[in-house]
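The values are calculated or read from the model by the stated rules, or taken from the named source; none is laboratory data. Source: prediction; values computed, not measured. In this analysis, Cβ positions are derived from the backbone assuming ideal geometry, glycine residues included, and neighbour counts consider all displayed protein chains.
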Amino acid sequence: MPGGTNRRALNSDGNPVITTTDLTKVYRSRGREVTALDGVDLHVREGEVYGVVGQSGAGKSTLIRCVNLLERPTSGTVTVAGQDLTALAGRRQSAGSALRQARSRIGMVFQHFNLVSSRTVRDNVELPLEILGVSGKERTRKALELLELVGLGDKARAYPAQLSGGQKQRVGIARALAGDPKVLLSDEATSALDPETTRSILQLLRDLNEQLGLTVLLITHEMDVVKTICDSAALMRDGRIVESGKVSELLATPGSELAQELFPVGGVASSEDRTVVDVTFQGEAATKPVISQLSRTYNIDISILGAAMDTVGGHQVGRMRIELPGRFEENVVPIGFLREQGLQVDVAAIADGPRANPTPLLKEGAK
């Protein structure tokens, strides 16, 4: 097994472990073409848990299958741990052997477990080690070690039919770790599980990420997964990445679609002479009574139209939509006060309609 590495100690600004460059995948059938990936550039750094989120048909599954070349890209490159996998995907036997060797360092967890029903749990974990030619005694030792790691040490002799969905997924994760991978790919690994089991599997993935120094790339359509486990995220739509970055930075980005999806708040101005503002709280600012301070300091009545609060990456984060009395020009000072408290402020609606040329104040984040 890889040595224990604390994920939080890794340099999040280091070199990417997974990189895709102008990645394109076109399916052709009966004279028709369907573009599943349209020039995708992805950069996942060492030690990150990176989530790719999007609706069904956005291209998420195709992307993750192209990362380990289960799907051959139509064009573009995939590099994992400094190795260009697309250069290994030739037709010659030597190229195929090199690609298989590279794949052994990339673990893959599937949505529907993909366990062999006729094999015991231990034998399922041993399967990739058999393919790699590992001796029987070493296979058994390694499989039992991995089952202990995922909390299934007592299920080695059981068969998949005797396990719950969460236990089956833990076996799938143990099997994915058999080759001591640097990278773990998760293809909707929790979408077939109930909420409580989902939480336990996400906690396991986070623990493995921290203990083994694994870089985890997961795809999901569930925003709660991104909120619970991801350091960075990308939003896909129609085969393209339309937004990406560290989750903490996205939450502080005015107009971020991902931030709005993670913490949806709604509400519209109650009358024409009102300004609606979205406020994002992070860290210590999330525990301060900033809105009440604003009301007292400037003697103004503030309406809260919507709010959402949760924990992201171990830190409390919240978003709130408030209504201020008066037009934008009358609220420049109160908005400045909020920014001085370390909050991200985004003017969501202005009484006299959208501004054609917003001032820098509308676009700048908290200093």
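Below are the figures for this structure:
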{"quantity": "Residue among Val125, Val121, Val67 that is surrounded by 14 or more Cβ atoms within 10 Å (Cβ to Cβ), touching a helix residue (DSSP H, G or I) at 6+ places or on another chain (Cβ under 9 Å) and under 27 Å from Leu258 (Cβ atoms)", "calculated": "Val67"}
{"quantity": "Residue within segment 172-183 that is over 24 Å from Arg141 (Cβ atoms) and among the hydrophobic types (A, V, I, L, M, F, W, C) present", "calculated": "no"}
{"quantity": "Hits in segment 127-144 - residues which are over 30 Å from Thr79 (Cβ atoms) and either part of a helix (DSSP H, G or I) or assigned by TED's automatic domain parsing to the domain that holds Glu188 (or both)", "calculated": "Gly136, Lys137, Glu138, Arg139, Thr140, Arg141, Ala143, Leu144"}
{"quantity": "Any hit, segment 102-122, residues being part of a helix (DSSP H, G or I) and at pLDDT 95 or above", "calculated": "yes"}
{"quantity": "Selection count, segment 43-53, where residues are at negative phi and touching a helix residue (DSSP H, G or I) at 6+ places or on another chain (Cβ under 6 Å)", "calculated": "4"}
{"quantity": "Leu163 vs. criteria closer than 18 Å to Phe113 by Cα and either out of contact with any Pro (no Cβ under 8 Å at 6 or more places or on another chain) or crowded, with 17+ Cβ neighbours inside 10 Å (or both)", "calculated": "yes"}
{"quantity": "Residue within segment 299-322 that is surrounded by fewer than 21 Cβ atoms within 10 Å (Cβ to Cβ), charged (D, E, K, R), in contact with a Lys or Arg (Cβ under 9 Å, 6 or more places away or on another chain) and assigned to a loop (DSSP other than H, G, I, E, B) present", "calculated": "no"}
{"quantity": "Counted residues, segment 174-217 - those being in contact (Cβ under 8 Å) with a residue 60 or more places away in the chain and surrounded by fewer than 17 Cβ atoms within 10 Å (Cβ to Cβ)", "calculated": "4"}
{"quantity": "Where a residue in segment 273-302 is modelled with pLDDT under 85 and its partner, wherever it lies, is in a helix (DSSP H, G or I), with Cβ under 8 Å and at least six apart", "calculated": "Phe281/Val290; Gln282/Ser248; Gln282/Leu251"}
